[in-house]
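Enquirer: I have a structure I would like to understand better, so I am pasting it below and will then ask my questions one at a time.
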Amino acid sequence: MKVLLIGSGGREHALAWKLAQSPELTKLYAAPGNPGIAEHATLVPVNTEDNDAVVSFCKDNAIDFVVVGPEAPLVAGVADRLRAEGFAVFGPSAAAAQLEGSKGFTKDICARYDIPTGAYQRFNNAPKAKAYIREQGAPIVVKADGLAAGKGVTVAMTIDEALAAVDDCFEGAFGAAGAEVVVEAYLDGEEASFFCLSDGKHALALATAQDHKRVGEGDTGPNTGGMGAYSPAPVMTPEMVERTMKEIIEPTMLGMAESGYPFSGVFFAGLMITKKGPELIEYNVRFGDPECQVLMMRLKSDLLPILYATATGTLDKVTAEWSDDPALTVVMASKGYPGSYDKNTPIKSIPEAGEGAKVFHAGTALKDGALVAAGGRVLNVTATGKSVGEAQARAYALLDKVEWDNGFCRRDIGWQAIKREKA
Ligand code: AMP
Ligand code: GLY
């Protein structure tokens, strides 16, 4: 099978690494890819923001299957265009991608199908949103409706903080994403991420993970795209997984189909495990980054037929087998991230990773033949172990051999799970 992978981050490096192990793969292309992905794929300079360019490439190169990594091309309709041209695609239609693109859309599906989530209201003006906040009291959560690069959410501990967040949204702090605001009840509990494939009719549960969104140790400081993750999430017991499937995933799949937007791709459910059980915080319609890296380390089955079955409505015919060993990844980022940082700083050396370990590339590039850091999150140092503690020790031992002066990382990835292991 000739496959085109769209994307250029650590998530796509992990997907490329895993796809490249498939006996069914004859050729892997990646657009635009990165130097790590280039170990497994031929990089092609196709503009992935231009759906016509993607379609032309697929036609010219007789591509059998397209795997879309990030959300932006999905929201822009790349999967719709490719499907209309007869290509098999892993990733939802633009209409189904609203599940990530619009928090209000998702909340309305939850309300109609009785999916557990925080009580909420949608607003298109500040006075009404503020009146509702005053009525509900704090803590309360204010969210810009649209895609705001993970920055559109304020978990307000006071009413004043919530009111200020409403002003930020309507005054344009998040651009068009803030033209509508969702105000929702604060959920108290432990967060977990759950990944599940859907072909529109069948669902295949994959695995669970926990990430670390804050830049600072002890989960402090500003939010980022994720500073590290581990899988599985101990809070997601088999009972919680079963409840998540029944109470959240299956009704969502049904709701999407009945609304005319059958969902084909990966449900990445952000959950809060509260006293009542799993409640939905949000959906993403793509693999998490860096959660995907730890999932791929644990997946024992061939990824390619599983993704292809998702795209072709035959998910009931495949299974996914997972290693019981936890995997953990530590993100190395450019100093200054998530604020401003220097670009093109040299990465002198990346160590050879042995069995059960891998350094995935995220924001790297080649400049005059030398490897440089070209983005905020740059490397994902990943390892497995018999426990999260062992995976963590192995990941940091490998990370300490990376020679990159402008890089930094958190030293406490996995702390929640390790605290449990020690208890
Ligand atoms: P989101 O972008 O919707 O995932 O929100 C970002 C983060 O805000 C989540 O990972 C949670 O930590 C937090 N959050 C979002 N919604 C809620 C909620 N209703 N209650 C408590 N925390 C929340
Ligand atoms: N790591 C969080 C995300 O991919 O959205």
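The values are calculated or read from the model by the stated rules, or taken from the named source; none is laboratory data. Remember, it's a predicted structure, so these values are computed and weren't measured experimentally. Virtual Cβ from ideal backbone geometry, glycine too; neighbours counted across all protein chains shown. Ligands, DNA and RNA are excluded from the accessible area calculation, which covers all protein heavy atoms including side chains. Shrake-Rupley method; radii C 1.70, N 1.55, O 1.52, S 1.80 Å.
Enquirer: Could you tell me what percent of the accessible area of the range 218-325 is made up of carbon and sulfur, with a 1.4 Å probe and every protein chain present?
Expert: Summing carbon and sulfur atoms, their accessible area is 53 percent of the total for the range 218-325.
Enquirer: Taking the Cα centre of each part, how many Å lie between the range 199-258 and the range 95-168?
Expert: The distance from the Cα centre of the range 199-258 to that of the range 95-168 comes to 20 Å.
Enquirer: Here is a follow-up. Kindly provide the chymotrypsin sites (Phe, Trp or Tyr not before Pro) of the range 1-85 that DSSP labels as loop, not H, G, I, E or B, and whose Cβ sees at most 16 other Cβ atoms within 10 Å.
Expert: Passing both the DSSP loop test and the Cβ count: no residue.
Enquirer: Please check the chain for the longest run free of trypsin sites (Lys or Arg not before Pro) that are loop-located per DSSP (anything but H, G, I, E, B) and have at most 12 other Cβ atoms within 10 Å.
Expert: Formally, the longest exposed-site-free interval is 1-274.
Enquirer: Hey, which aspartates and glutamates would be in cross-link range of residue 422, C-alpha to C-alpha under 16 Å, not counting anything within fewer than 8 residues on its own chain?
Expert: 390, 412
Enquirer: Hey, got a sec? Which GluC sites (Glu not before Pro) in the range 344-423 land in a DSSP loop and have at most 10 other Cβ atoms within 10 Å?
Expert: Those that pass, being in a loop and sparsely packed, are 352, 355.
Enquirer: Excluding same-chain residues fewer than 8 positions from residue 386, which aspartates and glutamates have a Cα within less than 15 Å of its Cα?
Expert: Leaving aside aspartates and glutamates fewer than 8 places away in the same chain, those within reach of residue 386 are 324, 325, 355, 421.
Enquirer: Then there's this: What does the accessible area per residue of the range 1-131 come to in Å², with a 1.4 Å probe and no ligands, DNA or RNA counted?
Expert: 38
Enquirer: Just add up the charged neighbours of residue 97: K/R +1, D/E -1, any other residue whose Cβ is under 10 Å from the Cβ of residue 97.
Expert: Within the 10 Å Cβ shell, the charges total -2.
Enquirer: Along the Cα→Cβ direction, 7 angstrom out, place labels at residue 188 and residue 405. What is the inter-label distance in nm?
Expert: 4.9
Enquirer: How far is the Cα center of the range 20-88 from the Cα center of the range 359-421, in Å?
Expert: Going from one Cα centre to the other spans 27 Å.
Enquirer: Report the GluC sites (Glu not before Pro) located in the range 81-150 that are in a DSSP loop and have at most 16 other Cβ atoms inside 10 Å of their Cβ, or state none.
Expert: 85
Enquirer: Quick one: accessible area per residue over the range 316-419, 1.4 Å probe, rounded to a whole number of Å²?
Expert: 46
Enquirer: Can you tell me which aspartates and glutamates have their Cα less than 15 Å from the Cα of residue 2? Leave out same-chain residues fewer than eight positions away.
Expert: Those aspartates and glutamates meeting the cut-off are 24, 60, 64.
Enquirer: Next question. In debye, nearest 20: dipole of the range 297-369 around its Cα centre with unit charges on the Cβ of K, R (+) and D, E (-)?
Expert: The dipole magnitude comes to about 360 debye.
Enquirer: Let me spell out the model: positive unit charges on the Cβ of Lys and Arg, negative unit charges on the Cβ of Asp and Glu, origin at the Cα centre of the chain. What dipole size does that give, in debye rounded to 20?
Expert: 320
Enquirer: Which entries of 246/317; 317/419; 143/300 have Cα-Cα distances beyond 31 Å here?
Expert: The pairs that break the limit, which is 31 Å between Cα atoms, are 317/419; 143/300.
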